[in-house]
Amino acid sequence: MLKFVLRRFLVAIPTLLILIGLSFTMIRMAPGGPFDGEKQLPPDIEANLRAAYHLDEPLYQQFGRYVFNLLQGDFGPSFQYRDFSVTELIRSGFPVSLRLGGLAMCLALLVGISAGTIAALRQNSALDHGVMATAMLGISIPNFVMAPLLVLIFAIYLGWLPAGGLGSGELSHLVLPVIALALPQIAYISRLTRGSMIEVLRSNYIRTARAQGLPTRTIILRHALKPALMPVVSYIGPATAAVITGSVVIEQIFSIPGLGRYFVQGALNRDYTLVMGVVVFYGVLIVVFNLLVDIVYRWLDPRVPL
Amino acid sequence: MTAVTAPRAVTGHSLWQDAWLVLRRNRAAMASLYLLLTTSVLVLFAPYLSPYGFDFTDWDHVSIPPSWQTAHIFGTDGLGRDLFVRTLYGGRISLLVGIVATSVSLLIGVSYGAIAGYVGGRVDQVMMRIVDILYALPFMFLVILLMVFFGRNILLIFVAIGAINWLDMARIVRGQTLSLKNREFVEAARAGGVSSSRIIRRHIVPNLLGVVVVYVTLMIPQVILVESFLSFLGLGVQEPMTSWGALVNDGAAEMENAPWMLVFPALFLTVTLFCFNFLGDGLRDALDPRDRSAP
């Protein structure tokens, strides 16, 4: 087990370095700079600005400085929001994104697993076909289409829920964004659960349990659910990545002041440090999360080869 | 090799004929196929289907709902441009991205996977470790960085999306190659003195086609989705050119006053993605020998 964890760590470190290196090179080579404003700055002021942000040093030195600061949790100053450091921006944006994404993941797991299990129990019934057709729809409708449609129906025509913003933190403001973010994941998870549940239900030990006269509820909850959920556990990693990516769009549509919005604004404004900061932050998050999921998976199922 | 049922064995069926027979019985997949063909034809002949150009401003009919009298059958946008024509032109970009970017990743993925699988040993280990590392990167963010970097050039969008989507393909192809490379026909070729690169090209890759075709059908909608995502964020194609993602974005901004601007492009995008997914599922049933239940 320890060897396994160590090995996974050894893969994670170059991944992170490549991630930082790639995004650093790309954003630095992009045409246009952070000081291209409406009006041209006088050359000596621009030179001073560049020196203040260490942009006049050779690239490898800037990179070294960046990684060094990063290790101390310092993402550097933001180029656009002059009075804030990127660390402060991340600190203000991430809790919002975390709440949105966390709720969406919980909803997706809860609904996806239940729907998949029910569909598997009634395999080939009308209910099963209905659930699977809905899931196919959920996979095919991108969330940036789903979100405006939800707003159109529930906020504008029916007027049940607010169309955007966070208000003063009421839960009603999060209902539509969370649903829009969770729907594709619900679809994937229910398909996964259904497939593996059907396989598990065909296995010998479930037949034995049935033959012993155990009630269906016990069979499902006590015996079938854990093995059937293994593919779902390994999907949690990619699902997290998808939810994080999706939240970029969802935050934009619902004008929620989370990290994703900072990211898009930063990309459009060439705010180097902010964009880098968000990519690195989310990259670390995804890599660490994948690592945890792998470890949990192996702990649940020790037969997995190293 | 293929599981041909007894009575039909006399005439003999190739894998592809067999697959076609299975596919033809799958009504959802066939309907999807026809819908996709129809969409492609519509998109191809877009300029001849309406009197309006895709960037023509009809000052007399700005932001009007769909109407037959004016020949704006999907209505117009806030700049008086015909939405029907724009939706079809957007479809050109979306489908083109789907095809070109998928071809790019097909090329990279198949050659990478086949080489890793065929050469094997340490080379294989290193190549697959690289794939593992790349796999863990948050790609959507890197594509957004690429768009910032490349300045939203349409050709580079194709290549960028294609160049990051090849990982799954490489893994699948490698797995298949591993199981193929010890088969008799490969051994025969090797004994006959055929070079490794020729064996890969002439003997390994053609035998991978079944799996690859299924995977390509499922990759096209993913790629279309990535492009729409970028265009939606304003990082994709640039005005006056458009794509389904950009149209959905415009529509979402105007949906209170002009819901038709959202509904039509969204419908086209969704139906197309839906069809590709159904067709892919159908093809998997038809081409995957493991799943074939004898009819």
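The values are calculated or read from the model by the stated rules, or taken from the named source; none is laboratory data. Treat the numbers as computed from the prediction; the structure is a model and nothing was measured. In this analysis, Cβ positions are derived from the backbone assuming ideal geometry, glycine residues included, and neighbour counts consider all displayed protein chains. Please note that ligands, DNA and RNA were not included when accessible areas were found on the heavy atoms of the full protein model with its side chains. Shrake-Rupley method; radii C 1.70, N 1.55, O 1.52, S 1.80 Å.
Taking A:Ser85 as the residue in question, decide whether it is more than 14 Å from chain B (Cβ to nearest Cβ) and under 24 Å from the mean Cα position of the chain (by Cα). Outline the logic, then answer.
Values: more than 14 Å from chain B (Cβ to nearest Cβ): yes; under 24 Å from the mean Cα position of the chain (by Cα): yes.
Yes; evaluated as a whole, the condition is true for this residue.
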Of the residues in region A:123-156, those that are closer than 22 Å to A:Gly246 by Cα and among the β-branched types (Val, Ile, Thr) come to A:Thr134, A:Ile139, A:Ile141, A:Val145, A:Val151, A:Ile153
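Given the criterion closer than 28 Å to A:Gly93 by Cα and more than 13 Å from chain B (Cβ to nearest Cβ), identify the matching residue among A:Val200, A:Val145, A:Val175, A:Val151.
On the way: A:Val200 fails: closer than 28 Å to A:Gly93 by Cα; A:Val145 fails: more than 13 Å from chain B (Cβ to nearest Cβ); A:Val151 fails: more than 13 Å from chain B (Cβ to nearest Cβ).
Going through A:Val200, A:Val145, A:Val175, A:Val151 in turn, the sole match is A:Val175.
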Taking first residues from region B:250-276 that are closer than 15 Å to B:Arg81 by Cα and second residues anywhere that are open to solvent by 10 Å² or more (accessible area, probe 1.4 Å) and among the hydroxyl-bearing types (Ser, Thr, Tyr), the pairs with Cβ under 9 Å that are 6 or more apart or on different chains are B:Glu254/B:Ser63; B:Ala258/B:Ser63; B:Met261/B:Ser63
Looking at region A:136-173, which of its residues are in a helix (DSSP H, G or I), under 17 Å from the mean Cα position of the chain (by Cα) and more than 15 Å from A:Phe254 (Cα to Cα)?
-> A:Ile139
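Residue-by-condition table, conditions (1) crowded, with 21+ Cβ neighbours inside 10 Å; (2) in a helix (DSSP H, G or I):
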{"residue": "A:Val175", "(1), (2)": "no, yes"}
{"residue": "A:Ala182", "(1), (2)": "yes, yes"}
{"residue": "A:Ile189", "(1), (2)": "yes, yes"}
{"residue": "A:Leu192", "(1), (2)": "yes, yes"}
{"residue": "A:Ile198", "(1), (2)": "no, yes"}
{"residue": "A:Arg207", "(1), (2)": "no, yes"}
{"residue": "A:Arg210", "(1), (2)": "no, yes"}
{"residue": "A:Gly213", "(1), (2)": "no, no"}
{"residue": "A:Arg217", "(1), (2)": "no, yes"}
Looking only at residues in region B:230-249 that are over 16 Å from B:Phe268 (Cβ atoms) and within 11 Å of chain A (Cβ to nearest Cβ), which one is most open to solvent (accessible area, probe 1.4 Å)?
-> B:Gly234
Residues in region B:72-106 that are touching a strand residue (DSSP E or B) at 6+ places or on another chain (Cβ under 8 Å) and among the small types (Gly, Ala, Ser): how many?
-> 1
May I ask you to verify whether A:Ile256 is touching a Leu at 6+ places or on another chain (Cβ under 7 Å), more than 10 Å from chain B (Cβ to nearest Cβ), of a type in the set (Val, Ile, Thr) and surrounded by fewer than 24 Cβ atoms within 10 Å (Cβ to Cβ)?
-> yes
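Against the definition (β-branched (Val, Ile, Thr), out of contact with any Cys (no Cβ under 6 Å at 6 or more places or on another chain) and either more than 14 Å from chain B (Cβ to nearest Cβ) or closer than 24 Å to A:Ile295 by Cα (or both)), how does A:Val233 come out, yes or no? Give the steps one after another, and end with the answer.
Numbers: β-branched (Val, Ile, Thr): yes; out of contact with any Cys (no Cβ under 6 Å at 6 or more places or on another chain): yes; either more than 14 Å from chain B (Cβ to nearest Cβ) or closer than 24 Å to A:Ile295 by Cα (or both): yes.
Here the answer is yes, as A:Val233 does meet what is asked.
Under the condition of being open to solvent by 50 Å² or more (accessible area, probe 1.4 Å) and more than 9 Å from chain B (Cβ to nearest Cβ), which residue from region A:13-24 is nearest to A:Val287 (Cα to Cα)?
Just the residues of region A:13-24 that are open to solvent by 50 Å² or more (accessible area, probe 1.4 Å), to begin with: A:13, A:17-18, A:22.
In the following step, the residues that additionally are more than 9 Å from chain B (Cβ to nearest Cβ) were identified as A:13, A:17.
Details: A:Ile13: 9, A:Leu17: 11 Å.
That would be A:Ile13.
For region A:38-68, which positions are part of a helix (DSSP H, G or I), more than 23 Å from A:Ser23 (Cβ to Cβ) and aliphatic (A, V, I, L, M)? Spell out how you get there, then give the answer.
Let us first name the residues in region A:38-68 that are part of a helix (DSSP H, G or I), namely A:43-52, A:59-68.
Restricting the remaining residues to those that are more than 23 Å from A:Ser23 (Cβ to Cβ) gives A:43-48, A:51.
Within region A:38-68, A:Ile45, A:Ala47, A:Ala51 meet the criteria.
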In region B:259-269, anything facing another protein chain (nearest Cβ under 7 Å) and closer than 15 Å to A:Leu150 by Cα is listed as B:Pro259, B:Leu262, B:Ala266
Candidates A:Val248, A:Val287, A:Val264 - the one that is facing another protein chain (nearest Cβ under 10 Å), in contact with a Phe, Trp or Tyr (Cβ under 9 Å, 6 or more places away or on another chain) and assigned to a helix (DSSP H, G or I) | A:Val248
Might you check whether a residue that is within 14 Å of chain A (Cβ to nearest Cβ) and not polar (S, T, N, Q) occurs anywhere in region B:112-128?
-> yes
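Does region A:290-297 contain at least one residue that is part of a helix (DSSP H, G or I), among the polar types (S, T, N, Q), crowded, with 19+ Cβ neighbours inside 10 Å and within 12 Å of another protein chain (Cβ to nearest Cβ)? Write out each step before concluding.
As a first pass, look at region A:290-297 and keep what is part of a helix (DSSP H, G or I): A:290-297.
Within this subset, residues satisfying the condition of being among the polar types (S, T, N, Q) are A:290.
Now narrow it down to the ones that are crowded, with 19+ Cβ neighbours inside 10 Å: A:290.
Checking which are within 12 Å of another protein chain (Cβ to nearest Cβ) leaves us with A:290.
Yes.
Take the conditions open to solvent by 40 Å² or more (accessible area, probe 1.4 Å) and of a type outside the set (Asp, Glu) and apply them to B:Ile99. Does it pass? Spell out the reasoning first.
Numbers: open to solvent by 40 Å² or more (accessible area, probe 1.4 Å): yes; of a type outside the set (Asp, Glu): yes.
The answer is yes for B:Ile99.
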